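The values are calculated or read from the model by the stated rules, or taken from the named source; none is laboratory data. This one's a predicted model, so the numbers in the text were calculated from it and none came from an experiment. Note that we place each Cβ from the backbone using ideal geometry, even for glycine, and neighbour counts take in every protein chain shown. Note: areas computed on protein heavy atoms with side chains; ligands, DNA, RNA excluded. Shrake-Rupley method; radii C 1.70, N 1.55, O 1.52, S 1.80 Å.
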Amino acid sequence: LDIEVGEPGDDAQALAIDGAQAPDAELAGNAWVGFAAQRVIAYDGLTGLQLTAAELPGFAAYAGSFDAWGVLWLIDRDGQLARVDPLLNPASVQIFQTELACYTLESVCADPAGGLLFAGFGCESVVRYDPSQDRWSDVLVPDLLSPRGLAFAANTPWVLYTSGQLSRLDRDPFAVAV
């Protein structure tokens, strides 16, 4: 399946696949595309047809991830975080400033418990946010040079660095595994 997304000239940057666990098939497997044109659009994962869209005023989506409850979290490169609840009609959108020392965000990843991890070029830390408690924490990684990519495998967070290194993170306490 190959489909055109957005309007001509749109800069599609963020991609997240919803995976809400529910008996309703329409809540899983759809592609959500975030645009620099300050909006996000959901496309049906089987047909490619546009399902819904939400405006993101003042926010150019750069990366995204769904949490375990089906909420889409998007980052822009200016240190903003967007929470998009696609289960509401229309989708609910909240945009707020992150509490990070580095504002060139490049990666966001949701863990199975609903927490979020952030990394970005020029940062010297990986940041964790717990939305349920509105709590931020970070782990410094100054010798590893710019954490850039984040992923979970088997409930374990991993981080990739510009320096070409890959490391596992411990969750409790939050630290680079040794």
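Within segment 128-152, residues that are in contact (Cβ under 8 Å) with a residue 60 or more places away in the chain reach partners that are buried (at least 18 other Cβ atoms within 10 Å of the Cβ) and part of a strand (DSSP E or B) with beta carbons closer than 8 Å, at six or more positions or on different chains, in the pairs 131/116.
Within segment 52-150, which strands (runs of 3 or more DSSP E) (wholly inside it) include 1 or more residues that are at pLDDT 90 or above, of a type in the set (Ser, Thr, Tyr) and closer than 16 Å to residue 40 by Cα?
Values: elements: 63-66, 72-75, 80-85, 92-97, 105-110, 116-120, 125-130, 135-140.
The strands (runs of 3 or more DSSP E) meeting that bar are 63-66, 92-97.
For the condition over 30 Å from residue 163 (Cα atoms), in contact with a Leu (Cβ under 9 Å, 6 or more places away or on another chain) and buried (at least 21 other Cβ atoms within 10 Å of the Cβ), residue 73 does not qualify. Number of residues in segment 78-113 that are open to solvent by less than 40 Å² (accessible area, probe 1.4 Å), touching a Ser or Thr at 6+ places or on another chain (Cβ under 8 Å) and within 24 Å of residue 55 (Cα to Cα): the value is 11. For segment 140-178, the set of residues classified as touching a Cys at 6+ places or on another chain (Cβ under 8 Å) and among the aromatic types (Phe, Trp, Tyr) consists of 152 only.
Can you go through 56, 74, 87, 51 and tell me which one is in contact (Cβ under 8 Å) with a residue 40 or more places away in the chain and in contact with a strand residue (DSSP E or B) (Cβ under 7 Å, 6 or more places away or on another chain)?
The match here is 74.
Determine whether segment 127-145 contains at least one residue that is surrounded by fewer than 19 Cβ atoms within 10 Å (Cβ to Cβ) and basic (Lys, Arg). Yes. Each residue in segment 21-50 was checked for being open to solvent by 20 Å² or more (accessible area, probe 1.4 Å) and either in a loop (DSSP other than H, G, I, E, B) or at pLDDT 90 or above (or both), and 15 pass.
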